[in-house]
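Below is one structure, written out as structure tokens; comments come after it.
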């Protein structure tokens, strides 16, 4: 059941990313281009997604456990530390340069474009270096 | 500020799908729909040889669904497939920064931006504001000051 839910959720998410324009890096860069010709479309993506999660999570997280699993596996960290800020800043810079964030980049594998694979290879290399660094 | 022609309906529908996916994954499976967390969870388990973990299979299946869903949308709707026009240096440099940043910053647009803010995590709100701000600065610097993207 867990795996079936994962398949349905992954597919819904992928449809959402493609439908919303998030898989088009030019559109993402247009959204971040406040000082050029700004494309506000992606505000609606985040707005609609947050409208769902902000309202529904209040109820879901009051449940004693999820429907098909034993527990809620939520991030435990709450501190605003330099690592969080540095990571978010580096991510933002890379997001601006390329127009890709991880979700849309992985969903874009469907487009079978060699550029996507170059991006993903670099992204996983960067994350792997981060993983090694964090262990020390 | 100049504003481009923009769409409302498809982004809203897309966002709704993303929100519903995050809701279902949390409600049914108790897991966070943060794509980095899911993808790097596969990477860390694979690179550390922990293949037996029950946490591995659903993650791979979710990521498969992500690709399936994006492909299915274009097949069914007939919407043109976006062709990235990004030069090689930006693909590689951007990819490295996105991977490193989301790993050490514990999340990306989905994990912090949709799920974290959805559960009113201050950490996620700060992270999202930070990567949005640096995204805007990055496009300003690389597009308008340096003219390289």
Checklist outcome for this item: By residue number, the members of segment B:109-149 that are part of a loop (DSSP other than H, G, I, E, B) and at pLDDT 95 or above are B:119, B:120, B:121, B:146
Checklist entry - Is there any pair linking a residue in segment A:81-102 that is on the phi > 0 side of the Ramachandran plot to one that is buried (at least 24 other Cβ atoms within 10 Å of the Cβ), with Cβ under 7 Å and at least six apart or on different chains, and which? => result A:99/A:25; A:99/A:28; A:99/A:29
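Sort out which residues of segment A:104-119 are surrounded by fewer than 22 Cβ atoms within 10 Å (Cβ to Cβ) and facing chain B (nearest Cβ under 7 Å), and write them in order of number. Show your work before the answer.
Taking segment A:104-119 and keeping what is surrounded by fewer than 22 Cβ atoms within 10 Å (Cβ to Cβ), we get A:109, A:111-115, A:117-118.
Once the filter is applied, which keeps residues that are surrounded by fewer than 22 Cβ atoms within 10 Å (Cβ to Cβ) and facing chain B (nearest Cβ under 7 Å), segment A:104-119 yields A:109, A:111, A:113, A:115, A:118.
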Next on the checklist: Just the residues that are part of a helix (DSSP H, G or I), more than 7 Å from every other protein chain (Cβ to nearest Cβ) and under 15 Å from the mean Cα position of the chain (by Cα), please, taken from segment B:6-51.
Outcome noted: B:37, B:38, B:41
Checklist entry - Yes or no: residue B:66 at the interface with chain A (Cβ under 7 Å from one of its Cβ atoms), surrounded by 19 or more Cβ atoms within 10 Å (Cβ to Cβ), in contact (Cβ under 8 Å) with a residue 40 or more places away in the chain and part of a helix (DSSP H, G or I)? => result no
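Could you pull out the residue among A:69, A:51, A:19 that is facing chain B (nearest Cβ under 7 Å), under 16 Å from the mean Cα position of the chain (by Cα) and closer than 21 Å to residue B:24 by Cα?
Details: A:69 fails: under 16 Å from the mean Cα position of the chain (by Cα); A:51 fails: under 16 Å from the mean Cα position of the chain (by Cα).
The match here is A:19.
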Next on the checklist: So residue B:149 passes all but one of these: (1) surrounded by fewer than 18 Cβ atoms within 10 Å (Cβ to Cβ); (2) over 20 Å from residue A:50 (Cα atoms); (3) more than 19 Å from the chain's Cα centre (by Cα). Which condition number does it fail?
Outcome noted: (1)
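The values are calculated or read from the model by the stated rules, or taken from the named source; none is laboratory data. Nothing here was measured: the structure is a model prediction, and the numbers come from that model. Cβ: placed from backbone, ideal geometry, glycine included. Neighbour counts: every protein chain shown.
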